[in-house]
Structures are given as structure tokens and as C-alpha cells.
Amino acid sequence: MNKKFVNRTIGKPLLLSVIVAVIVIAGIVVGAIFGFNKAATVDDMKLLTVNMDSFVYETELEKVEEICEEAFEDVSYKYSQKGVMSGADQEISYAFDKEENLDTVKKALADELQKAFPDFEIRVTVTTETVEKSLPTSYIVRAAIAGAIFCVLAFAYTAIRHNLATGSAISLAMWLSGALTFAVFTLTRIPVTTAFTYVLFFNLIVTAIAASFTFRKVDETLKTEAGKAMSVDELTQSSVATKEILIFVVATAIALVLVGAIATHTMRMFAISSLVALVVSTFSAWLFAPAVFAPLKKVSDKNAAKRARYDYKKDKKTSEEA
Amino acid sequence: MGKKKSTALMILLTVVIAVLCAITIFPSFTLPWTDGVKGWNPAVMQYDFGTDLGGGYYAYYYPEGVMSETAFDSEYELKPEADKQAFKESYVQHGGLYLSTDEEDGIYVGGELSADFKKEFDRFVKVVSDRYAEKGYSDYRVSVVDDYAIRVELPASDTYASSVIQMLSYTGKLTLKSGTSDAYTELEELTKKDVKITDYIEGFSTDTQYDVAYLEVELTDKGEELIKSVKSTLSSTSEAEGGTGLIFSVGDNQVGYAVFKDYIDGDTITIPEDEAANIAAVETYAILLNSALENGGFDFELTAINASDIRTFEPVYGDNAVLLLYIAIAIVLLALIVVPIVRQGRYGVVNAYVVLSYLIITGLCFAFISDAAFEITLGSVLVFLAGLLLVCALNNSFYQAIKKEFDLGKTVESSVKTGYKKCLFPAIDLYAILILGSIVMAIVGAAGLHLMGLQALICFIAGAFCNLLWMFAVNFIFLSASKNKYKYFRFVREDDDDE
């Protein structure tokens, strides 16, 4: 079934390119208008802070957290952070959406904490934080440049070692993978943190690995007599390393699912982001790279055949001049 | 290789890998004796983590005249009854902050919030953000709190977090002073009207040489002349010995050590600051001084930040994030060891040795290779997993290639030789591309991506070694010791004329 599906896509590079282009353009438009959906740690927020002394923090922290969470039943907080100051003060901060009105919650919580701990000073404050910088623009620009250079180097190495068609196919698959991942994140509004650049680099690595499985098979097939006699489409269809790619991708997905399942909620979001990048790189390496390789190989073979003709014909213009 | 020799090598290999695995991952425990080394910690417990896995430090910057609601309430309660009302009236609540209405603080002027103060504060926010950006952390945060305070967050791996937070908050202007450690006064030339420090100093940078980290100052022609004119008054001795030197200060805060005669060479001043291993601390001096040089001083001061004002926070991904992550990776490792053993027989055992070798190499390199701040982040986890799965995938492709050759009727030894040969160059090509990509990320990428690139380089070089050399060597040893080479690979052939 996998083979039939792949064979159908190999003959349709234009269709795949159009679909991908539409998604990427939509992603760029949505990104330009709404930007990324920033995760709590890199976004503006309203911070409700419960400040207490070290005795309460060491001995009654669970009770304090319980009271806080009961008070927050009607509002959803993004994440909590425990802060320990060397000295007397400790605090728990809860991050909320910047637009959330926390005046009522603050008063209710302060009253409940006063009732539960009448002999201790526990203060509740609400502040609004506007992120100035969690990542400089130069960081993102350099990440994009690094990704682009990676794709160019992959093209150069593969083109020199093998042929232009293979180099172009791998490089295009990597470019597409990066652009599509960016677009998918923007369109699906998956929360983005500084770790997004890690996921993008991971995406490029997986695309390069998975695509190389196919092109290794292409080289192997071309060395055989049967392979030399095949048409480009037959060669590509018989060489797509479906089993190897899917085993590698599934193993990676299981590893990521384990990381997400076992670890905390926020880690789960990171695992989901990585899974999305993995799916995109699978598409690029398994379907797009072979689909785009076939026409490129045909052009390359045609040019090679022209140059190799024993009765090499000059082009029409020069023959007329002669 | 003879069976006895290969068996001996197998045993030796097993012992070495077991010992190195223990060094890398064996859980921590306390030793029973009280003298000397008190506990055992594996390499994986020695990592520096980014904020996502290791938590970090945070602090607030409050301009003088601004205080948090908590601080206001505390001060209010400490005031005598008679003074409480006056104290309350001298502040206005603004979100979670209290702003002083005293015109000397400059926040309120003529009963209204001063636009000049806000403008100056906003300028300071941008400057502080740029200072932290220059530090090159994998992860950090600078945010404005209720318009008139700043909150900064750094990763826990920064061992100088306390001094970084304090130093990068300085609001004074850059100036050059001369004197002894008892008293320094600003150079007369620089106190003149319309004189700009940028006319004398081009910039600051850092360097290391002979185990010492230096702060280097590039002077302009005018600066070179000025320093020449004061050089004769400087000592060759150190500050501690009461010598006369020059200091760079930002406001009232001296930055770095004093400059003595021997440090001056034409248009460059080279100040030895610290041990080379502490270059990160010296880089903070350079960042602060360059920032003060470029942006000048500010019209307000911040409330002094003490080390006790700096808070630690737990990892963004939860307190047990690291432990849970290790458990998840351990399960993945176990699966990658067990499944090939079940499917591929003794070749699977060889795969297990190679996987453990990869774990040892990357685990030890991550722990003991330092790049000033070699933090482990989630990016590190991704490249580790990618490298690990690639090692297993390529081991499997070697196995399949050997099996294919065997199915053509070749002997096991011949199948191994031909199978490896066919897979070797494609594997080399793949690792070459990945290593090139890692080098690009390490050189061009910044902050966390730079570190991820370095870590990817380690993972892929380790993977290349494991797949291209080590796998072959370990397989050769195990195969030589094996009695039944067919069973070794779980191959089946009906006609057996080869034994």
C-alpha cells in the first residue's frame, strides 16, 4: 500500500509543489499578521505572586499551592514558577494571560491565605509583564542563515559526490521541510518558545537522513544491469526507501512520545512540536524528494546524453553561421 | 583471529564498556566514609542545564522611587502610626508597583507622571536588553513590569549570575579616573564641558593568553595622547600595594582592575583581570563598558541590588524534568538494545555494545567539554536522540546488506566484507553532510543554536566513529569468537558446503 501511494506521488512534483507553496504562503501571511503563538515563557503575561517567609515555604508549601489552585478554578494559568530568594523571602508566581482581570482572584486568595495562616505574613500581588527580549532578532536571523547554508552545503556535497539531480533533490527537500515546518507552526498556532529553533535544526537533520536512505538505494540500483535499463520513473519508484525511512521515523516518534508522556506538561508541548517537525520532514524526504528527483534526473540524463553523442551536433545557430 | 584471543578481547571490551558506562550513568550515592571523597556522581549529573531543564536566577531592577507592592506594605507596617498616612500619601499605586510622588525622584513632576522619566526608563530597558543579548545565553528573559520596573532571568549554568545581574544594571556614565585604591578622581580632561568619552575610547574587548583573561581597551588618537600624558604619574605596582593607577568606572562603580604603566602600549591598554577559565566574567566587563560607552549614562539610579535580592527559580519544564527525561531516554536506550538482540541474534549484541559506546562518548564529552557555558538544553536531547537512532538505523542497514549478500550464496565472511563495503560510502556521505551542517550551526548560529551545533558535532562524530570503525571492529571480535557464524547472524541456508 505504501508503495502504491508513493508511486502515485512520484509523477506529481508540480502538484506537491503547489500544495506546499499554498501552505507556506498561508503560513507567511498568518505569521505576518498574527505572528507566532508565543508560549508563556516568552510572552507578555500577568503574574500573580504569593510572597511568604521561608518557614511557610518549607513547611506549608503544598497547602498554599492547594489554596491557590482552588482560587484559580475559574481562570486558567499558563505555568507556575517557584522562586527562592537567599534570605527570608520566597514566592510562587503564577502566569496568566495579559488580558486576564485578576483583581477578584487576588482579593479572594489574599483572604483565604490570611484565614489559613493568621500568624504569618503572606502577600499576594499582581503585576503585568511585557517581554522586552527573550530572543534577539539577530538570533533568529542567524538561525535562518545557518539553516540556509546547511541546505546549500548539502546540495554542494551531494552534487559533487553523486550528481546534480540528487544534490538538488536533497537540498530542495531540506528547504521545503524548514519552510513547511515554519508555516505549520504559524497556522496551527502551536505555542513557540526559544526551543523552536532547535526543532527546526532537528527537522533539517531528519530530512537529510531520511532522504539519503532513498538516494543511497538509487545509487545501488543504478550499479546493477537491471537498474541501468530502467526508466527514471521506474528507477525512482523502485528506490524509495519506504521501509528504512518509516522505521527511522517511527522509532524517533516513539522516543519523542516517551519523552512527552513521561515528563511534564510543558515538556509535552516540546515533544509535540518535535513530532510535527518529524512529520513534515517525513513528507519532504519520503514523498517530495523522490517526486522532484525524477524530473531533475530526466533533465540531467538528457543533457548528459547530448554531451555524450559521438556525432555531437552543434546547435542550429552556429551551424547556420558555418 | 583465534577464538581464544577474540574471547579474551570480548571480555576486556565488556569490562571497559561496563566501567565507562558506570562513570557515565551509574546513579549517585553517598560513600560510607567521611574523609576524602564523600559521594559518587556520574557524568550525567555534572551537566550545566539551560533554564528549560535547570532553572535559573531572576531579579528585579527598581528605579529609586519605585517599589514593589510587597516592599511598600512591609515598609508601611514598620512605620510609626503617626508617619503611616504621610508615607502612604507620598506614593501612588501603579499596577503592582508604588511610585514616589517626591519630585526629587523625578517620577512625578507637577503632580503628573513625568514623560522625561518614562522616556529615559524606556531607553534604559532597551540598553539592558542589549546587554543581556550580548551575553549569548541559550535562554534568558528581560521584561518590563508594570511600566516602571524590570525583571531579568538567566540560566542556572551561569556561575557568575549574581555579579552579571548586578553589573548589567549600572546606570552611570563611563568615565576614567586616576588615583590609588583609597581614592580615585576623574581625569581633569574628561570633566571639561562638551567632552565626550567616545572621543578617547574606541571600544573594549577580551582576550586570553597564558592562562590569563585580559580586558583590552582600544584608544583613539586623542585617547592615546591623554593616556600618554598621565602615564608618567602611574605606578608599575599593583593596586593592592597602593600604586597609582587608572580605573574605568560606570557611575560610581569601578569595573575591572586598575591600569598601571606596564599595561599601556601605544593605543592599546591590556588589563589582566582573571584566570582564563573565567573569561565569561571578563566578557561581562567588556559588555558593560561598551554599552556605557555607546549609550552614556541615565538620569536616574536603580535601588542597589544585593546578592540576597537575587532569586533562583525551578526549571521551566518542572522540578523533575531532568530525572523524567533521563528515564525516558533510558527506556529508549533499552528498546534500542533489546529489539536488535531479539531480531538479529549476536549481531544485536554487537549493536548493543556500539549503542553503549555512543552513549559513553557523547555522555562524557557533554560533561567535560566546555565552551564557557556548555549548557544542556532540549536541543541537546534532540541531537542526542537523532545521533543514537541514526547509529542503530545504519547498524541495521549493515545487517540487511550482509543478509542480502548471504542470500546470493556467499560465505558469511565474504558477505560481511561485501556488505560493509556497499554501505560504507553512503554512511560516510551522510555523516559528512550532518557534520558540515553541525559546523555551520556552531559557527553561524547564536546562543542556544550555537551550543546545539557543537553538541550535534559531538553526536555525529561519535556516531560516525561508532558506525564506520567501532561496529566493524567489535563485530570482527565477536564473529571470530563465535562457534556458529550462521547462528550469529540468525541466517539460514539449506545447503551448507561452506563449513
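The values are calculated or read from the model by the stated rules, or taken from the named source; none is laboratory data. All of these numbers come straight from a predicted model, not from anything done at the bench. So basically every Cβ, Gly included, is an ideal-geometry build from the backbone, and we count neighbours across all protein chains shown. SASA here: full protein model, heavy atoms, side chains in, ligands and nucleic acids out. Shrake-Rupley method; radii C 1.70, N 1.55, O 1.52, S 1.80 Å.
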Flag if A:Lys106 is at pLDDT 90 or above, more than 9 Å from chain B (Cβ to nearest Cβ) and surrounded by fewer than 15 Cβ atoms within 10 Å (Cβ to Cβ)
no
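Anything in region A:31-54 that is among the hydrophobic types (A, V, I, L, M, F, W, C) and surrounded by 12 or more Cβ atoms within 10 Å (Cβ to Cβ)? List them, or say none.
Answer for region A:31-54, where residues must be among the hydrophobic types (A, V, I, L, M, F, W, C) and surrounded by 12 or more Cβ atoms within 10 Å (Cβ to Cβ): A:Phe36, A:Ala39, A:Ala40, A:Val42, A:Met45, A:Leu47, A:Leu48, A:Val50, A:Met52.
Yes or no: A:Ile190 part of a helix (DSSP H, G or I) and hydrophobic (A, V, I, L, M, F, W, C)?
no
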Within region A:191-212, track down each residue that is modelled with pLDDT under 90 and either over 16 Å from B:Leu382 (Cβ atoms) or touching a strand residue (DSSP E or B) at 6+ places or on another chain (Cβ under 8 Å) (or both).
A:Pro191, A:Val192, A:Thr193
Across (1) out of contact with any strand residue (DSSP E or B) (no Cβ under 6 Å at 6 or more places or on another chain); (2) more than 13 Å from chain B (Cβ to nearest Cβ), A:Leu153 clears everything bar (2)
Do we find that A:Ala183 is modelled with pLDDT under 90, over 30 Å from B:Gly56 (Cβ atoms), more than 8 Å from chain B (Cβ to nearest Cβ) and surrounded by 15 or more Cβ atoms within 10 Å (Cβ to Cβ) in this structure?
no
Matching residues in region B:92-127 (open to solvent by less than 20 Å² (accessible area, probe 1.4 Å), under 27 Å from A:Thr193 (Cβ atoms), touching an Asp or Glu at 6+ places or on another chain (Cβ under 8 Å) and not in a loop (DSSP other than H, G, I, E, B)) number 1
Suppose the filter is out of contact with any helix residue (DSSP H, G or I) (no Cβ under 8 Å at 6 or more places or on another chain) and open to solvent by 20 Å² or more (accessible area, probe 1.4 Å); does B:Asp211 pass it?
no
Output the residue which, of all residues in region B:166-185 that are within 19 Å of B:Ile269 (Cβ to Cβ) and open to solvent by less than 60 Å² (accessible area, probe 1.4 Å), is modelled with the lowest pLDDT.
B:Thr180
Unmet requirement for B:Ala393, which otherwise passes all of (1) within 7 Å of chain A (Cβ to nearest Cβ); (2) over 29 Å from the mean Cα position of the chain (by Cα); (3) at pLDDT below 85:
(3)
State yes or no: is B:Leu288 outside the structural domain of B:Leu12 (by TED's automatic domain parsing), out of contact with any Ser or Thr (no Cβ under 8 Å at 6 or more places or on another chain) and in contact (Cβ under 8 Å) with a residue 60 or more places away in the chain?
yes
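At least 2 residues that are at pLDDT 80 or above and open to solvent by less than 40 Å² (accessible area, probe 1.4 Å) in each: list the helices (runs of 4 or more DSSP H) lying fully within region A:219-322 that qualify.
Answer list for region A:219-322: A:232-239, A:242-262, A:265-282, A:289-308.
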Are there any pairs, at least 6 apart or on different chains, whose C-beta atoms fall under 6 Å, with the first in region B:231-245 and at pLDDT below 80 and the second of a type in the set (A, V, I, L, M), and if so, which?
B:Glu239/B:Ala258
A:Thr158 being within 9 Å of another protein chain (Cβ to nearest Cβ), over 27 Å from A:Lys38 (Cα atoms) and touching a Gly at 6+ places or on another chain (Cβ under 7 Å)
yes
Read through the list (1) of a type in the set (A, V, I, L, M, F, W, C); (2) over 26 Å from the mean Cα position of the chain (by Cα); (3) facing chain B (nearest Cβ under 9 Å), then give the number of the only condition that A:Ile145 fails.
(2)
Out of the residues in region B:405-434 that are without any contact (Cβ under 8 Å) to a residue 40 or more places away in the chain and acidic (Asp, Glu), which is surrounded by the fewest Cβ atoms within 10 Å (Cβ to Cβ)?
B:Asp407
Could you list all residues from region B:130-145 that are outside any strand (DSSP E or B) and surrounded by fewer than 23 Cβ atoms within 10 Å (Cβ to Cβ)?
B:Asp130, B:Ala133, B:Glu134, B:Lys135, B:Gly136
Take A:Glu132 and tell me if it is without any contact (Cβ under 8 Å) to a residue 60 or more places away in the chain and away from chain B (no Cβ under 12 Å).
no
Subset of region B:437-472 [open to solvent by less than 10 Å² (accessible area, probe 1.4 Å) and among the small types (Gly, Ala, Ser)]
B:Gly437, B:Ser438, B:Gly445, B:Gly448, B:Gly453, B:Ala456, B:Ala462, B:Gly463
Residues located in region B:427-455, provided they are within 7 Å of another protein chain (Cβ to nearest Cβ) and under 16 Å from the mean Cα position of the chain (by Cα)
B:Met441, B:Gly445, B:Ala446, B:Ala447, B:Gly448, B:Leu449, B:Met452
Residue satisfying all of: in region B:302-311; in a loop (DSSP other than H, G, I, E, B) and surrounded by 17 or more Cβ atoms within 10 Å (Cβ to Cβ); nearest to the other protein chains (Cβ to nearest Cβ) among these
B:Ile310
Are any residues in region B:249-275 among the hydrophobic types (A, V, I, L, M, F, W, C) and either open to solvent by 30 Å² or more (accessible area, probe 1.4 Å) or over 14 Å from B:Ser205 (Cα atoms) (or both), and if so, which ones?
B:Val250, B:Ala258, B:Val259, B:Phe260, B:Ile264
Would you call B:Val383 in a helix (DSSP H, G or I), buried (at least 21 other Cβ atoms within 10 Å of the Cβ), within 14 Å of another protein chain (Cβ to nearest Cβ) and more than 23 Å from the chain's Cα centre (by Cα)?
no
Residues satisfying the stated conditions in region B:183-209, i.e. over 14 Å from B:Ala292 (Cα atoms), in a loop (DSSP other than H, G, I, E, B) and free of Cβ contacts under 8 Å to residues at least 12 places away in the same chain:
B:Lys192, B:Lys193, B:Asp194, B:Val195
Of the residues in region B:89-133, those that are within 11 Å of another protein chain (Cβ to nearest Cβ) and closer than 18 Å to B:Gly172 by Cβ come to B:Phe124, B:Val125, B:Lys126, B:Val127, B:Val128, B:Asp130, B:Arg131
Looking at B:Ile341, B:Ile376, B:Ile402, B:Ile361, can you tell me which residue is surrounded by 22 or more Cβ atoms within 10 Å (Cβ to Cβ) and away from chain A (no Cβ under 14 Å)?
B:Ile402
Options B:Glu216, B:Glu225: the member that is open to solvent by 60 Å² or more (accessible area, probe 1.4 Å) and either outside any helix (DSSP H, G or I) or assigned by TED's automatic domain parsing to the domain that holds B:Gly256 (or both):
B:Glu225
